[in-house]
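Q: My questions will all concern the structure given below.
The values are calculated or read from the model by the stated rules, or taken from the named source; none is laboratory data. Given the structure is predicted, the values throughout are model-derived calculations rather than measurements. All Cβ positions, even for glycine, are placed from backbone atoms using ideal geometry, and neighbour counts span all protein chains on display.
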């Protein structure tokens, strides 16, 4: 049995990055021989096995042949005669097509080491075009390695563009689109994922409501960057500074989708864009089966983000209605998620990255005051049902009023 460490673990080790998951390729074996050695088969379409003790994945060396359009249209050949070089040839990028033998020798048939040195994301072969997921993966790798100075090779970007034109991206399964985007949102530069997809025209096919934002102007006094698409990318990067939660970052990504639906005759004003943005969020989340907590926060931020910017002008009852609409009294965590998303929006503007956001603290302190209202005291007064709810609301508004007056 010839065993090689392959893929991301070799790449990250060579880059000096932490190695979390290790993948192995086995040359010269059959599924039957693997099972005889107590490996556990887990892949139905591909011959993938779990090591009996380490539980790491061991895949038989294989080649793939495309039989149709889409992610699943492949025929796999895992014959024992398949070589390591043939297996590496089917991988997406040269930096992911490097192997390491058990004695520490590096096998690099496609010049991945040079591309690591040059900081280039380059496809291994024309077979790259057979798998539409690779468009998303390259954009995600661009987001992951942008802080290290990596960029997509021009010829690879050209190939990705041709794949989009050929309709390959349209055949992507919803779950995989969401999975790749979620991974990108967890990177340090998620904006690169979306700008990379836009550069090859894939964003217009996958997330048209977001793609529409580029070229849509905003008032320069509030948005020195003017372009809405640029603002959303700046805000997304600000969100990275404020929160590790992908739900918050996704909400920031979606907060201004309504501006893409503003009639041109109203530009650069976008009155009512908050409500207009709700439908595209719902449609996109439903199409790609995003979890409800992502959709819920995104809609809340889109609908009410302007209130956070105007908190100093709001009446106590308006702040209370906002808190209630956010469901903050039952789920206090969502209030902080909302506020951080609003902070990212406020500071995601050219030259305003260090802008103070006093309105956020006003809302926070109002919530703390309202939360301190003792519902048990109201119950002791004999209140129940609708009367209890009205009295509780009134008491919370009063508490907020008192706090704001201090």
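Q: Kindly check whether there is at least one residue in the stretch 330-347 that is modelled with pLDDT of 95 or more, part of a loop (DSSP other than H, G, I, E, B), surrounded by 16 or more Cβ atoms within 10 Å (Cβ to Cβ) and in contact with a helix residue (DSSP H, G or I) (Cβ under 8 Å, 6 or more places away or on another chain).
A: No: zero hits.
Q: Follow-up. When both residues are 6+ apart or on different chains and their Cβ atoms are under 6 Å apart, which pairs have a first residue that lies in the stretch 384-403 and is farther than 18 Å from residue 325 by Cα, and a second that is surrounded by fewer than 18 Cβ atoms within 10 Å (Cβ to Cβ)?
A: Cβ pairs passing all conditions: 403/365.
Q: Taking the criterion of being in contact with a helix residue (DSSP H, G or I) (Cβ under 8 Å, 6 or more places away or on another chain) and either surrounded by fewer than 16 Cβ atoms within 10 Å (Cβ to Cβ) or over 22 Å from residue 13 (Cβ atoms) (or both), would at least one residue in the stretch 91-100 satisfy it?
A: No, because not a single residue in the stretch 91-100 is in contact with a helix residue (DSSP H, G or I) (Cβ under 8 Å, 6 or more places away or on another chain) and either surrounded by fewer than 16 Cβ atoms within 10 Å (Cβ to Cβ) or over 22 Å from residue 13 (Cβ atoms) (or both).
Q: Show me the helices (runs of 4 or more DSSP H) entirely contained within the stretch 126-208 in which 3 or more residues are within 17 Å of residue 250 (Cα to Cα).
A: Qualifying helices (runs of 4 or more DSSP H): 133-145, 174-185, 190-199.
Q: Exactly one of (1) surrounded by fewer than 18 Cβ atoms within 10 Å (Cβ to Cβ); (2) touching a helix residue (DSSP H, G or I) at 6+ places or on another chain (Cβ under 7 Å); (3) not in a loop (DSSP other than H, G, I, E, B) is unmet by residue 327. Its number?
A: Among (1) surrounded by fewer than 18 Cβ atoms within 10 Å (Cβ to Cβ); (2) touching a helix residue (DSSP H, G or I) at 6+ places or on another chain (Cβ under 7 Å); (3) not in a loop (DSSP other than H, G, I, E, B), the lone unmet condition for residue 327 is (3).
Q: Which helices (runs of 4 or more DSSP H) sit wholly inside the stretch 269-323 and have at least 1 residues that are within 30 Å of residue 405 (Cα to Cα) and touching a helix residue (DSSP H, G or I) at 6+ places or on another chain (Cβ under 8 Å)?
A: Correct list: 273-276, 292-309.
Q: Let me ask another. Looking at residue 351, is it over 21 Å from residue 393 (Cα atoms), out of contact with any helix residue (DSSP H, G or I) (no Cβ under 7 Å at 6 or more places or on another chain) and in contact (Cβ under 8 Å) with a residue 12 or more places away in the chain?
A: Yes, satisfied.
Q: Select, from 304, 267, the only residue that is touching a strand residue (DSSP E or B) at 6+ places or on another chain (Cβ under 9 Å) and either modelled with pLDDT of 95 or more or under 27 Å from residue 356 (Cα atoms) (or both).
A: Matching residue, one of 304, 267: 267.
Q: Return yes when residue 148 is out of contact with any strand residue (DSSP E or B) (no Cβ under 6 Å at 6 or more places or on another chain) and surrounded by fewer than 16 Cβ atoms within 10 Å (Cβ to Cβ) and no when it is not.
A: yes
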